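Novice: Let me give you the structure first, and then I'll get to my questions.
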Amino acid sequence: MQATRDFSHYVKAAGAGLSHIDLAVEGVSCAGCMSKIERGLSAIPDVTLARVNLTDRRVALEWKEGALDPARFIDRLAELGYKAYPFETAGAEAAEAEQSRFLLRCLGVAAFATMNVMMLSVPVWSGNVSDMIPEQRDFFHWLSALIALPAAAYAGQPFFRSAFRALRTGNVNMDVPISIGVILALAMSVAETLNHAEHTYFDAAIMLLTFLLVGRYLDQSMRRRTRAVAGNLAALKAETATRFVGTDEISVVPVAAIDPGDIVLLRPGERCAVDGKVIEGRSEIDQSLITGETLYVTAEQGTAVYAGSLNISGTLRVRVSAASEGTLLAEITRLLDNALQARSRYVRLADRASRLYAPVVHATALLTMLGWVLIGATWHDAIVTGVAVLIITCPCALGLAIPTVQTVASGAMFRAGVLLNSGDSIERLAEVDWVIFDKTGTLTLPDLEVVNAAGIPVDVFALAGQLALASHHPVAAAVAQAAGAKSPLVGAVEEPGQGVRGAIGENELRLGRPSFCGAERLANERADLDPEASIVAFSMGEAKYLFSVRQGLRPDAAATISALGKRNIRVEILSGDREPAVEAAARALGISEWRAGVTPADKIARIEDLKRQGHKVMMVGDGLNDAPSLAAAHVSMSPISAAHLSQATADLVFLGKPLAPVVAAIDFSRKALRLMRQNLWLAVGYNLLAVPIAISGVVTPLIAAAAMSGSSVLVMLNALRARRVANGRS
Amino acid sequence: MEVMIILVPLALGLGLIGLLGFLWSLKSGQYDDLDGAAWRAIADDEPAKEIPSE
């Protein structure tokens, strides 16, 4: 049964007899890589386009339809030293990219209008104190209106839409005062122009939109970058399944091309990429990624298997089921829905600020107007002063205060190996005082590791590694990897379910079950070996050795736990695994609070319990069984190796082997929250200075423009401080 | 002040050309890869020597 690679799922027709494919490429980081890849791919005959996108780390390729097999590009990139895999833009990412372009278009229009209106305003301001004749001033006002009105109608869309949506559902968000301020300022300016008045506020209104669009665009591009990176990582996992295309003919296809009802082959050592039911075969499977339980489960005809399960010993045929089948998944989905509903009740800092802000500002403007009427001003003057208050208090700095900090902080977190799924997670993360870790795959690494490598002679270990390369068994793969073995031992034979044997000189070598290697007695005597680990025996003639293989703790787990303790954060383990395994991990890390054998519902109950006690809980987990508790927690984090559902539910995703990004993320978010609050206070302070001037009725458009841009720039500069956190600070 | 009849349309026209230029560059995807564009400007046209991969 020879498998072929089939990437036709990803190939799109580009018109004019051309085919198009997008590849995610790992390790493209510089101009050198870019030209190397482009030249290397263009050199293939019939390739018409090879263009690297360095920002998104992707390559776009076009070639004459039918002339080439896409697998060839991936091989060519592998020769050049890059790992690549076809990429399909997910719906969410395409929407983010489109939104980002729209905001940039709005920003372009608003910036153009601001510059031109300013060009007209400056002569009016200076003309008011020198000798500009009223006709000229009116002419300039009319020109300003001509530019500002259509520009505001276009560039204000993001705010008007959002404000309308909020008002329709009976809420107030930051966009409501913005929209009211802009619309009133423009309307008053048109009225003043008709009355040949001295002051109009076209410049202030359109400049406000420009500054706010900068904030919106930064916020959006942060989310877009996260999506792009997450999309690449998902693609580079290169999840494939071996699908039967005939009774005995198989083809390796990307998971995206698998439909329910297909039959896939699952060989030993492979991770299942789909949900389904076993229809033929018998094997042990490792479901630790799904349930957290590290003990192997026996799978036979009728057993349900889930994406992420690792097949250990036998070959299985699996019929792919629709996603929602199966009791475990259905239960998890139900819990997840409930938890997500609870989550959506969180009110973001910006919205909380605007709930306080909008009524105060609108009341102040109204009172100003009425006050002026009471002390004898004309209605016209009173309204103009009231609108001036609205303009000067328009939350320009307020609208920038939070997105700028979020953007800078998320960039810093990105460099520390943390991706943000949602912008407001920074605020929630900063409040955390209790962290719950899942054990399997979170505190431990998802891959198996030889834990007693130090106690085995180096040459023996190397030989065992070579022998292990001949086997598909995941435990053997761990031995081979730990030994750094490159070439398999010549003539090694695998005996299914037992082990591998080979020979070197006169000695017979065996690696596998202790019984297979005649090392049963040794295995029983060695009490020092971890009872939770898988034992692999290795015999070389008469000499016998034992390897203890298990999921090792992340290298810096203990340091991370103590760093959390220094920040006054309590740590707890909730695991679905058995008690001895959890206890051992807890003791190794110095964690006093742990619970073992916990079900998804128990985890949620524990989180709810802590919430009731007033704690802000962060859940760090990776398994499918963790998904509901990830959603239930105040904020949640997953390693990149996590099950799809967990990763989608988590607020943050961290990359790589170390656990340190958890601490880094908390540090950055605490600093960011501090800066957001500072920025809000800066904005309030600016208002305290400017509002009395506005109420007293002496605000001119010049003062409004200067105050608005001054406070915006101040807030942006302050946000840049989110790039760094002091090391070792609590 | 008759000069304004020329200067004002000229100023607005120039601004409008700038805006159209920006919208065109956005539409033709010039902001899709800002990191790459920075490097392409200084890349050699001749085939460069093979750079050893890391």
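The values are calculated or read from the model by the stated rules, or taken from the named source; none is laboratory data. Fair warning: this is a prediction, and the values are worked out from it, not measured in the lab. Cβ sites come from the backbone with ideal geometry, for glycine too, and all protein chains shown count toward neighbours.
Novice: Would you say A:THR55 is of a type in the set (S, T, N, Q), outside any helix (DSSP H, G or I) and either at pLDDT 85 or above or farther than 19 Å from A:ASN232 by Cα (or both)?
Specialist: Against the criterion (of a type in the set (S, T, N, Q), outside any helix (DSSP H, G or I) and either at pLDDT 85 or above or farther than 19 Å from A:ASN232 by Cα (or both)), A:THR55 does not qualify.
Novice: Let me ask you something else. Looking at the stretch A:167-174, can you tell me whether even one residue there is more than 17 Å from A:THR200 (Cα to Cα) and part of a helix (DSSP H, G or I)? I'd like the intermediate steps shown before the answer.
Specialist: As a first pass, look at the stretch A:167-174 and keep what is more than 17 Å from A:THR200 (Cα to Cα): A:167-174.
Next, from what is left, pick out any that are part of a helix (DSSP H, G or I): A:167-168.
Yes: one or more hits.
Novice: Follow-up. Out of the strands (runs of 3 or more DSSP E) lying entirely within the stretch A:247-297, which hold 1 or more residues that are within 16 Å of A:ASN625 (Cα to Cα) and touching a Ser or Thr at 6+ places or on another chain (Cβ under 8 Å)? Even if it seems obvious, please write down each step before you answer.
Specialist: On the way: elements: A:250-254, A:263-266, A:276-281, A:283-286.
Result: A:283-286.
Novice: Moving on to the next point. Tell me which residues, restricted to the stretch A:148-167, are without any contact (Cβ under 8 Å) to a residue 24 or more places away in the chain and over 22 Å from A:THR193 (Cα atoms).
Specialist: A:PHE160, A:ARG161, A:SER162, A:ALA163, A:PHE164, A:ARG165, A:ALA166, A:LEU167
Novice: Does A:ALA586 meet the test of being in the same structural domain as A:GLY441 (by TED's automatic domain parsing), hydrophobic (A, V, I, L, M, F, W, C) and either at pLDDT below 85 or surrounded by fewer than 19 Cβ atoms within 10 Å (Cβ to Cβ) (or both)?
Specialist: Working: in the same structural domain as A:GLY441 (by TED's automatic domain parsing): yes; hydrophobic (A, V, I, L, M, F, W, C): yes; either at pLDDT below 85 or surrounded by fewer than 19 Cβ atoms within 10 Å (Cβ to Cβ) (or both): no.
Taking the combined requirement at face value, the residue does not satisfy it.
Novice: Then there's this: Determine whether the stretch A:85-96 contains at least one residue that is closer than 21 Å to A:ALA257 by Cβ, surrounded by 14 or more Cβ atoms within 10 Å (Cβ to Cβ) and among the small types (Gly, Ala, Ser).
Specialist: yes
Novice: Being at the interface with another protein chain (Cβ under 9 Å from one of its Cβ atoms) and touching an Asp or Glu at 6+ places or on another chain (Cβ under 9 Å) is the filter here; which residues of the stretch A:102-141 pass it?
Specialist: Matches in the stretch A:102-141: A:LEU120 only.
Novice: If you go through the stretch A:618-670, how many residues are of a type in the set (Ser, Thr, Tyr) and part of a strand (DSSP E or B)? Walk me through how you get there before you give the answer.
Specialist: Residues of the stretch A:618-670 of a type in the set (Ser, Thr, Tyr): A:629, A:636, A:638, A:641, A:646, A:649, A:669.
Okay, now just the ones that are also part of a strand (DSSP E or B), so A:636, A:638.
Here the count works out to 2.
Novice: Determine whether A:PRO403 is in contact with an Asp or Glu (Cβ under 7 Å, 6 or more places away or on another chain) and buried (at least 19 other Cβ atoms within 10 Å of the Cβ). First the steps, then the outcome.
Specialist: Details: in contact with an Asp or Glu (Cβ under 7 Å, 6 or more places away or on another chain): yes; buried (at least 19 other Cβ atoms within 10 Å of the Cβ): yes.
Yes.
Novice: List the helices (runs of 4 or more DSSP H) that sit entirely inside the stretch A:417-520 and contain at least 3 residues that are farther than 30 Å from A:LYS616 by Cα. Break it down into steps so the answer makes sense when it comes.
Specialist: On the way: elements: A:425-430, A:458-468, A:474-483.
Result: A:458-468, A:474-483.
Novice: Being among the hydroxyl-bearing types (Ser, Thr, Tyr), over 30 Å from A:ARG595 (Cβ atoms) and not assigned by TED's automatic domain parsing to the domain that holds A:TYR296 is the requirement here; does A:SER471 meet it? It would help to see each step written out before you state the result.
Specialist: Values: among the hydroxyl-bearing types (Ser, Thr, Tyr): yes; over 30 Å from A:ARG595 (Cβ atoms): yes; not assigned by TED's automatic domain parsing to the domain that holds A:TYR296: yes.
Yes, satisfied.
Novice: Something else now. Among (1) within 30 Å of A:GLU494 (Cβ to Cβ); (2) surrounded by fewer than 20 Cβ atoms within 10 Å (Cβ to Cβ); (3) in contact (Cβ under 8 Å) with a residue 40 or more places away in the chain, there is one condition A:ASP424 misses while meeting the rest; what is its number?
Specialist: It is condition (1) that A:ASP424 fails.
Novice: So which of A:LEU390, A:LEU443 ends up being in contact with a Gly (Cβ under 8 Å, 6 or more places away or on another chain) and touching a residue at least 24 places away in the same chain (Cβ under 8 Å)?
Specialist: Working: A:LEU443 fails: in contact with a Gly (Cβ under 8 Å, 6 or more places away or on another chain).
Matching residue, one of A:LEU390, A:LEU443: A:LEU390.
Novice: Which residues, counting only those in the stretch A:691-700, are in contact (Cβ under 8 Å) with a residue 60 or more places away in the chain, surrounded by fewer than 22 Cβ atoms within 10 Å (Cβ to Cβ) and outside any loop (DSSP other than H, G, I, E, B)? Explain how you work it out, then say what you get.
Specialist: Of the stretch A:691-700, the ones in contact (Cβ under 8 Å) with a residue 60 or more places away in the chain are A:691, A:693-695, A:697, A:699-700.
Next, from what is left, pick out any that are surrounded by fewer than 22 Cβ atoms within 10 Å (Cβ to Cβ): A:691, A:693, A:695, A:697, A:700.
Within the stretch A:691-700, A:VAL691, A:ILE693, A:ILE695 qualify.
Novice: Restricting the search to the stretch B:11-40, which residues are within 7 Å of chain A (Cβ to nearest Cβ) and outside any helix (DSSP H, G or I)? Reasoning before the result, please.
Specialist: Step one: list which residues in the stretch B:11-40 are within 7 Å of chain A (Cβ to nearest Cβ), which gives B:11-12, B:15, B:18-19, B:22-23, B:26, B:31-36, B:39.
Correct list: B:TYR31, B:ASP32, B:ASP33.
Novice: Counting just the residues of the stretch A:80-101 that are at the interface with chain B (Cβ under 10 Å from one of its Cβ atoms) and not polar (S, T, N, Q), which one comes out farthest from A:SER29 (Cα to Cα)? Talk me through it step by step, then tell me what you get.
Specialist: Taking the stretch A:80-101 first, the residues at the interface with chain B (Cβ under 10 Å from one of its Cβ atoms) are A:80-82, A:97, A:100-101.
If we keep only those that are not polar (S, T, N, Q) as well, we get A:80-82, A:97, A:101.
On the way: A:LEU80: 14, A:GLY81: 13, A:TYR82: 11, A:ALA97: 22, A:ARG101: 24 Å.
So, considering only residues that are at the interface with chain B (Cβ under 10 Å from one of its Cβ atoms) and not polar (S, T, N, Q), the one farthest from A:SER29 (Cα to Cα) is A:ARG101.
Novice: Can you tell me which residues in the stretch A:25-53 are of a type in the set (A, V, I, L, M, F, W, C), within 14 Å of chain B (Cβ to nearest Cβ) and surrounded by fewer than 17 Cβ atoms within 10 Å (Cβ to Cβ)? First the steps, then the outcome.
Specialist: Step one: filter the stretch A:25-53 for residues of a type in the set (A, V, I, L, M, F, W, C), giving A:25, A:28, A:30-31, A:33-34, A:37, A:41, A:43-44, A:47, A:49-50, A:52.
Filter once more, keeping what is within 14 Å of chain B (Cβ to nearest Cβ): A:25, A:28, A:30-31, A:33-34, A:37, A:41, A:43, A:49-50, A:52.
Of everything in the stretch A:25-53, those that are of a type in the set (A, V, I, L, M, F, W, C), within 14 Å of chain B (Cβ to nearest Cβ) and surrounded by fewer than 17 Cβ atoms within 10 Å (Cβ to Cβ) turn out to be A:CYS30, A:ALA43, A:LEU49.
Novice: Okay, moving on. Quick check on this structure: which one of A:ALA228, A:ALA234, A:ALA241 is hydrophobic (A, V, I, L, M, F, W, C) and in a strand (DSSP E or B)?
Specialist: Numbers: A:ALA228 fails: in a strand (DSSP E or B); A:ALA234 fails: in a strand (DSSP E or B).
It is A:ALA241.
Novice: With the structure loaded, tell me whether A:ARG72 is within 14 Å of chain B (Cβ to nearest Cβ) and either among the basic types (Lys, Arg) or more than 29 Å from the chain's Cα centre (by Cα) (or both) or whether it fails that test. I'd like the intermediate steps shown before the answer.
Specialist: Values: within 14 Å of chain B (Cβ to nearest Cβ): no; either among the basic types (Lys, Arg) or more than 29 Å from the chain's Cα centre (by Cα) (or both): yes.
Considered against the rule, which asks whether it is within 14 Å of chain B (Cβ to nearest Cβ) and either among the basic types (Lys, Arg) or more than 29 Å from the chain's Cα centre (by Cα) (or both), A:ARG72 comes out as no.
Novice: Looking only at the stretch A:256-285, which residues are within 23 Å of the chain's Cα centre (by Cα) and free of Cβ contacts under 8 Å to residues at least 40 places away in the same chain? It would help to see each step written out before you state the result.
Specialist: Our first condition is that a residue be within 23 Å of the chain's Cα centre (by Cα); within the stretch A:256-285, this holds for A:256, A:273-274.
The one that is within 23 Å of the chain's Cα centre (by Cα) and free of Cβ contacts under 8 Å to residues at least 40 places away in the same chain: A:ALA273.
Novice: Related question: Taking the conditions exactly as written (at pLDDT below 90, over 25 Å from A:ARG670 (Cα atoms) and either not assigned by TED's automatic domain parsing to the domain that holds A:PRO514 or not acidic (Asp, Glu) (or both)), does A:ALA601 satisfy them or not?
Specialist: yes
Novice: Collect the residues in the stretch A:550-573 that are in contact with a Gly (Cβ under 8 Å, 6 or more places away or on another chain), assigned to a strand (DSSP E or B) and of a type in the set (A, V, I, L, M), keeping them in residue-number order.
Specialist: Keep residues of the stretch A:550-573 that are in contact with a Gly (Cβ under 8 Å, 6 or more places away or on another chain), which gives A:551, A:558, A:561-562, A:571.
Now restrict to residues that are assigned to a strand (DSSP E or B): A:551, A:571.
Of everything in the stretch A:550-573, just one residue is in contact with a Gly (Cβ under 8 Å, 6 or more places away or on another chain), assigned to a strand (DSSP E or B) and of a type in the set (A, V, I, L, M), namely A:VAL571.
Novice: Give the residue, chosen from A:ASP22, A:ASP75, A:ASP6, A:ASP56, that is surrounded by fewer than 16 Cβ atoms within 10 Å (Cβ to Cβ) and either farther than 17 Å from B:ASP32 by Cα or outside the structural domain of A:VAL245 (by TED's automatic domain parsing) (or both). It would help to see each step written out before you state the result.
Specialist: Working: A:ASP22 fails: surrounded by fewer than 16 Cβ atoms within 10 Å (Cβ to Cβ); A:ASP6 fails: surrounded by fewer than 16 Cβ atoms within 10 Å (Cβ to Cβ); A:ASP56 fails: surrounded by fewer than 16 Cβ atoms within 10 Å (Cβ to Cβ).
The unique qualifying residue is A:ASP75.
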